[in-house]
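Before any comments, here is the structure.
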Amino acid sequence: MNCIFCSIISGDIPSKKVYEDEICFAFLDINPQAPVHCLIVPKAHIQSADEVNEENACVVAHIFSVIPKIAKELGLSAGYRVVTNIGEDGRQSVKHLHFHILGGKQLSENMA
Ligand code: 5GP
Ligand code: ZN
């Protein structure tokens, strides 16, 4: 499958790795939109959060258990934002489920 994030997970495309375990992989965004901009993805290819179901929801639960550890590691003690874009209207450009972790400054109030 031709997927940028699957290639990053396999190491075929280099990335700045922040965290890895058997279920998920986190790395710095190549085009940061905040002083700290990290992406966390499941190793299993799931297209988007719209594909989450009873069977794979445990992967998302695991990712959310890891996010606070990554945020601490990245020094986001004053808070941060977790975002996932879905589909065309949601401006999802990479079709492999990912959560943006954004912080390092007080973020915009604007969500949309
Ligand atoms: P989306 O717009 O799909 O929610 O977010 C995709 C994110 O992936 C963007 O913030 C973009 O900068 C990032 N991205 C795309 N290609 C690469 C890459 O090859 N390496 C890294 N580190 N980030 C990427
Ligand atoms: Zn993928």
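Among the candidates Ile4, Ile63, single out the residue that is within 16 Å of ligand 2 (Cβ to nearest atom), closer than 28 Å to Gln106 by Cβ and modelled with pLDDT of 95 or more. Even if it seems obvious, please write down each step before you answer.
Working: Ile4 fails: closer than 28 Å to Gln106 by Cβ.
Exactly one of Ile4, Ile63 is within 16 Å of ligand 2 (Cβ to nearest atom), closer than 28 Å to Gln106 by Cβ and modelled with pLDDT of 95 or more, namely Ile63.
Here's a check for you: in the range 67-112, which residue that is among the aliphatic types (A, V, I, L, M) and under 16 Å from Phe5 (Cβ atoms) is farthest from ligand 1 (Cβ to nearest atom)?
Taking the range 67-112 and keeping what is among the aliphatic types (A, V, I, L, M), we get 67, 70-71, 74, 76, 78, 82-83, 86, 94, 97, 101-102, 107, 111-112.
Add one more test, that the residue is under 16 Å from Phe5 (Cβ atoms), and what stays is 83, 86, 94, 97, 101.
Values: Val83: 7, Ile86: 9, Val94: 4, Leu97: 10, Ile101: 11 Å.
It comes out as Ile101.
Go over the candidates Glu109, Glu73 one by one and state the one that is under 25 Å from Asp21 (Cβ atoms), exposed (fewer than 13 other Cβ atoms within 10 Å of the Cβ), among the charged types (D, E, K, R) and out of contact with any Leu (no Cβ under 9 Å at 6 or more places or on another chain). Explain how you work it out, then say what you get.
Working: Glu109 fails: under 25 Å from Asp21 (Cβ atoms).
So the residue among Glu109, Glu73 that is under 25 Å from Asp21 (Cβ atoms), exposed (fewer than 13 other Cβ atoms within 10 Å of the Cβ), among the charged types (D, E, K, R) and out of contact with any Leu (no Cβ under 9 Å at 6 or more places or on another chain) is Glu73.
What number of residues in the range 19-46 are surrounded by 15 or more Cβ atoms within 10 Å (Cβ to Cβ) and within 13 Å of ligand 2 (Cβ to nearest atom)?
The total comes to 8.
Which one is surrounded by the most Cβ atoms within 10 Å (Cβ to Cβ) among residues in the range 47-59 that are touching a residue at least 40 places away in the same chain (Cβ under 8 Å), out of contact with any helix residue (DSSP H, G or I) (no Cβ under 6 Å at 6 or more places or on another chain) and part of a loop (DSSP other than H, G, I, E, B)? Spell out how you get there, then give the answer.
Looking only at the range 47-59, we keep the residues that are touching a residue at least 40 places away in the same chain (Cβ under 8 Å), and these are 47-49, 51-52.
Applying the additional criterion that residues be out of contact with any helix residue (DSSP H, G or I) (no Cβ under 6 Å at 6 or more places or on another chain) yields 47-49, 51.
Pick out the ones that are also part of a loop (DSSP other than H, G, I, E, B) and you get 47-48.
Values: Gln47: 14, Ser48: 17.
My answer is Ser48.
The values are calculated or read from the model by the stated rules, or taken from the named source; none is laboratory data. Because the structure is a prediction, the values reported are computed rather than measured. Using ideal geometry, Cβ is built from the backbone for each residue, glycine included, and neighbour counts are taken over all protein chains shown.
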